[in-house]
Amino acid sequence: RQLLGLINDVRDLSKMEAGEVGVGVGEYSVGSLIRTAIVATEPLGEQRATALLPHNAAVTDINWVLDYFRRSSDHRLLFGGRVSYSGLDPFNTAEATRQRMIRVFPQLADARITHAWGGYVDITMNRAPDFGRLEPDVYYLQGFSGHGIALTGMAGQLVAEAIAGDSE
């Protein structure tokens, strides 16, 4: 139950920013957070944006620090993936993300970045998600390591089945 309280505190970023969350769990400290960044180019125009991603697919790769990108409805490229393992931004993650974008899409070297943002991600040491049961009626699902969109629905279904008694 203490772990669940801690998880809820971590989810409240205002508490994180105010330094109100200082409890460690096991050998890991809540201070060991991983930040990621996403950048958005200026509008590229429909033709240029379509040339980048002809099928308008959202893409991710299988790199250890994965890249992910897609087009926006106003014909920008949204590109993310660089990380800071300190939880801080000592090397300007947004600029590192832009540089990575240019390595993947060299034809965007002249494109201005108009927006950049980031946040914390939940990555486990081995990059595998961690699901478990603390008590008969207390479950946890964490550490999707950048694959949350694909895995959270499946993980939620598994826990729902366990709660309903349809699965172990």
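The values are calculated or read from the model by the stated rules, or taken from the named source; none is laboratory data. For clarity, every value in this text was computed on a predicted model and none was experimentally measured. Every residue, glycine as well, gets a Cβ built from its backbone with ideal geometry; the counts of neighbours run over all protein chains shown. Surface areas here come from the heavy atoms of the whole protein model, side chains and all, with no ligands, DNA or RNA. Shrake-Rupley method; radii C 1.70, N 1.55, O 1.52, S 1.80 Å.
Some points to look at:
- Of residues in the range 62-81 being assigned to a loop (DSSP other than H, G, I, E, B) and hydroxyl-bearing (Ser, Thr, Tyr), the one farthest from the chain's Cα centre (by Cα): SER73
- Annotation note: of GLU168, GLU161, the sole residue that is over 19 Å from GLY81 (Cβ atoms) and at pLDDT 85 or above is GLU161.
- Single residue of ALA49, ALA57 found to be farther than 18 Å from PHE144 by Cα and open to solvent by less than 20 Å² (accessible area, probe 1.4 Å): ALA49
- All positions within the range 108-162 that are open to solvent by less than 50 Å² (accessible area, probe 1.4 Å), under 22 Å from PHE79 (Cβ atoms), outside any helix (DSSP H, G or I) and small (Gly, Ala, Ser): ALA111, GLY118, GLY119, SER145
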